[in-house]
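The values are calculated or read from the model by the stated rules, or taken from the named source; none is laboratory data. Remember, it's a predicted structure, so these values are computed and weren't measured experimentally. Counting neighbours? That spans all protein chains shown, and the Cβs are built from the backbone with ideal geometry, glycine included.
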Amino acid sequence: MRTPLLWVVMTCALTGCATPAAPALPSTSVIELGPAWPEALPEAVAAEVDRAAKQHPVLALGEGDHFVAEKYEYRLAFLRRLIQRNGVRHIALEMGASDAARIDRYLKTGDERWLHRVVLYGYAGEDDDERRELAPIARGDRRPPDDAWAEAERSFFRRLRALGQEQGTRIHVFGFDFDAAPGGGYADARRALESCADTPSVQALRPRLTPPRNTSPSAEVTRLEKLIVSLDTERTSLDADCGAAQVDAARAALDQLAFSYRTFFEWHAAQADTSAQGPLRLRRMFDERESQMYLRYTRWTQALPAGARVVLLGHDMHVARDSEVLRYGRAPHDLPMWRSLGTRIEEARPGGLWVCWLLYGDGTRYTPTSPTGHSVVSLRPDSLEATLARTPGRHLVLMERVPAGTVVDQASAFGTETSEGSGPVRTVTDAIVFLPEAHAPTPSTH
C-alpha cells in the first residue's frame with residue numbers, strides 16, 4: 001500500500017527525517033596512526049610518504065584549519081620523515097614573504113630576535129617609523145589566546161630548525177602569500193639598501209622607503225607602484241651604488257608591500273560589501289590572490305637547486321588539485337572554487353604534486369576576530385568529517401584505496417568556520433589525516 005504523502009510530511013515534522021548516514025570507509029582504505037603518533041609514523045604511512053617523495057617533486061601538507069595546535073604535530077610527523085629520509089630542505093609557506101624571510105633568518109642563525117620580529121605574530125616595531133608603518137593593521141591590545149597562537153607558531157619553527165640541525169643541514173622557508181599583517185616590507189627595503197654607497201641617487205631614494213604621513217591606503221599603493229617603476233628606471237646606477245642583489249631585494253620588498261596592501265584592503269572592503277556583488281567581489285579577490293601566490297611560488301622554485309624537492313604548507317583548499325570541482329563557503333551562500341595554487345602547480349607539471357589534507361571532528365580553535373579569541377567546533381552531520389569519524393581513532397585515508405561511489409565521490413561539506421567547502425575530494429587530494437579532536441593553542445601546548 002502506498003504511504004500517503006501527508007503522513008510522511010507530518011512524521012518528518014515530528015520526528016525528523018535525516019538523510020541516511022554515509023557508511024564508514026572500508027578498513028582497506030584506512031591506516032591507523034597508532035599510539036606513537038605524532039612522534040613516529042606507522043611503517044605503512046612512512047612507506048606511503050617515501051613512495052610519494054620518490055614520485056613527486058612537490059609534496060603538499062594541507063590543513064583544514066590554521067588555528068589548532070594539532071596542525072604542528074601533523075606537520076612535524078611528515079616533515080621529520082621527509083627531511084631525514086627524503087632530502088627535503090625547502091618549504092613554501094602560506095605566509096607573506098616579509099614575515100617568512102624573518103623566519104628564514106631565524107632558521108639560518110638561530111637568533112630568536114627574528115622570530116619575535118614576525119609582524120603576523122604581534123611584532124609592533126622598534127622605532128617610531130616602524131611603529132607608524134605597522135600601526136594601520138594593529139588589532140589593538142594582545143590577548144592570551146593571541147599570544148598562545150603566536151608562541152605555538154614560533155615553537156614549530158624552533159623544532160623545524162632542530163630537525164635540520166640533527167641532519168647537519170639548514171632548512172629554508174619562503175612565503176608565497178600576501179602579508180596578512182602588512183607593513184614590515186618598509187624595514188625590509190631599508191635593510192636591503194643599508195650598504196649602498198652614499199651617492200645623490202641613493203640619498204634621494206632613502207626617504208621614499210618610508211611612507212608619508214596622513215596618506216590613504218589607495219594612495220600608498222599607487223606611490224609604491226610608482227616607486228617600483230622608478231627603481232627599474234634607475235636600475236643601472238642603483239646596481240652600481242648598491243649591488244644587483246640588494247636592489248633586487250628592495251624591489252621585491254616593495255612589490256610584496258603593494259600586493260599585500262591591495263589584497264588586505266580589498267578583502268576587508270569585499271567583506272563589508274552587503275550588496276549582491278559582495279560575495280562575487282570576494283571571490284575575485286581570492287582568485288587574484290591565488291594567481292599572485294602561484295607567480296611568487298614559481299619565481300622561488302626557479303631559483304632552487306636542480307632536483308630540489310619542495311614541501312608546501314597551506315590550507316587544504318589552497319594546495320588542492322582539481323580545485324574547480326569544489327565549492328567554497330557554506331550552502332546556500334557557497335560559490336564555485338577558483339583555480340587553487342595546487343591546481344596551477346599540477347597543470348604546469350602533470351603528476352608532479354602529491355597532496356595530503358588534515359581534517360578533524362570536534363574541538364576548539366583560536367579565532368582572532370572573536371571577543372574571546374576561541375570558538376567551539378562541533379562535528380556537522382552529513383559532512384565528510386562525520387563519515388571519517390565513523391572509523392575510530394586517528395587515521396590516514398588513501399584515496400587510491402577508497403572504493404568508487406563512496407563519500408569521497410559525493411558533494412559532501414567539509415571544513416570549519418571561515419574555511420568551509422564542499423564537493424567530491426577524490427581528485428583533489430591523495431590522502432587525508434583525520435583526527436577526532438583538535439584544540440586551540442594554549443600556553444601548555446608548546
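Okay, here's what the table says:
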quantity: Test: residue in segment 3-22 that is β-branched (V, I, T), modelled with pLDDT of 95 or more and either touching a strand residue (DSSP E or B) at 6+ places or on another chain (Cβ under 6 Å) or not in a helix (DSSP H, G or I) (or both); calculated: no
quantity: Residue count, segment 393-410 (criterion: assigned to a loop (DSSP other than H, G, I, E, B) and free of Cβ contacts under 8 Å to residues at least 40 places away in the same chain); calculated: 2
quantity: Residue ID - surrounded by the fewest Cβ atoms within 10 Å (Cβ to Cβ), chosen from residues in segment 191-217 that are of a type outside the set (A, V, I, L, M, F, W, C), assigned to a helix (DSSP H, G or I) and touching a residue at least 24 places away in the same chain (Cβ under 8 Å); calculated: S201
quantity: Candidates D129, D104 - the one that is modelled with pLDDT under 95 and more than 26 Å from H374 (Cα to Cα); calculated: D129
quantity: Test for E417: is it assigned to a loop (DSSP other than H, G, I, E, B), under 21 Å from the mean Cα position of the chain (by Cα) and within 29 Å of P368 (Cα to Cα); calculated: yes
quantity: Residue check for G168: among the small types (G, A, S), outside any helix (DSSP H, G or I) and more than 26 Å from D255 (Cα to Cα); calculated: yes
quantity: Boolean, P368 is in contact with a Phe, Trp or Tyr (Cβ under 9 Å, 6 or more places away or on another chain) and at pLDDT below 95; calculated: yes
quantity: Scope segment 274-291; condition crowded, with 19+ Cβ neighbours inside 10 Å and touching a residue at least 24 places away in the same chain (Cβ under 8 Å); matching residues; calculated: F286, R289, E290
quantity: Elements of type helices (runs of 4 or more DSSP H) in segment 258-348, at least 3 residues being at pLDDT below 95; calculated: 277-302
quantity: Pair list, Cβ under 8 Å, 6 or more apart: segment 367-385 residue closer than 28 Å to A24 by Cα, other residue outside any loop (DSSP other than H, G, I, E, B) and of a type in the set (D, E); calculated: V377/D362; S378/D362; L379/D362; L379/E385
quantity: Verdict on G361 being out of contact with any Gly (no Cβ under 9 Å at 6 or more places or on another chain) and over 22 Å from R143 (Cβ atoms); calculated: yes
quantity: Top-ranked residue in segment 349-389 [being assigned to a strand (DSSP E or B) and among the hydroxyl-bearing types (S, T, Y); ranked as nearest to A308 (Cα to Cα)]; calculated: Y360
quantity: Counted residues, segment 65-93 - those being outside any strand (DSSP E or B), surrounded by 23 or more Cβ atoms within 10 Å (Cβ to Cβ), within 14 Å of the chain's Cα centre (by Cα) and not β-branched (V, I, T); calculated: 3
quantity: Scan of segment 304-349 for residues that are closer than 15 Å to V58 by Cα and aliphatic (A, V, I, L, M), ordered by number; calculated: L304, A306, A308, V310, V311, L312, L313, V319, A320, L341, I345, A348
quantity: Residue tally, condition in contact with a strand residue (DSSP E or B) (Cβ under 6 Å, 6 or more places away or on another chain) and buried (at least 19 other Cβ atoms within 10 Å of the Cβ), over segment 415-438; calculated: 13
quantity: Residue match in segment 55-64 (condition: within 29 Å of V377 (Cα to Cα), buried (at least 16 other Cβ atoms within 10 Å of the Cβ) and out of contact with any helix residue (DSSP H, G or I) (no Cβ under 8 Å at 6 or more places or on another chain)); calculated: no
quantity: Any hit, segment 375-389, residues being closer than 20 Å to R75 by Cα, under 21 Å from the mean Cα position of the chain (by Cα) and surrounded by 20 or more Cβ atoms within 10 Å (Cβ to Cβ); calculated: yes
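Okay, residues lined up against (1) closer than 27 Å to L160 by Cα; (2) touching a strand residue (DSSP E or B) at 6+ places or on another chain (Cβ under 9 Å):
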site: D241; (1), (2): no, no
site: D255; (1), (2): no, no
site: W300; (1), (2): yes, yes
site: G307; (1), (2): yes, no
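For every residue, the table says whether it meets (1) out of contact with any Leu (no Cβ under 7 Å at 6 or more places or on another chain); (2) at pLDDT below 95; (3) surrounded by fewer than 16 Cβ atoms within 10 Å (Cβ to Cβ).
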residue: A40; (1), (2), (3): yes, yes, yes
residue: A44; (1), (2), (3): yes, no, yes
residue: V49; (1), (2), (3): no, no, no
residue: E153; (1), (2), (3): yes, no, no
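Condition check ((1) out of contact with any helix residue (DSSP H, G or I) (no Cβ under 7 Å at 6 or more places or on another chain); (2) without any contact (Cβ under 8 Å) to a residue 40 or more places away in the chain; (3) within 22 Å of L313 (Cβ to Cβ)) across all residues:
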residue	(1), (2), (3)
I103	no, no, yes
K108	yes, no, yes
W114	no, yes, yes
Y121	no, yes, yes
E130	no, no, no
E133	no, no, no
R142	yes, yes, no
A152	no, no, yes
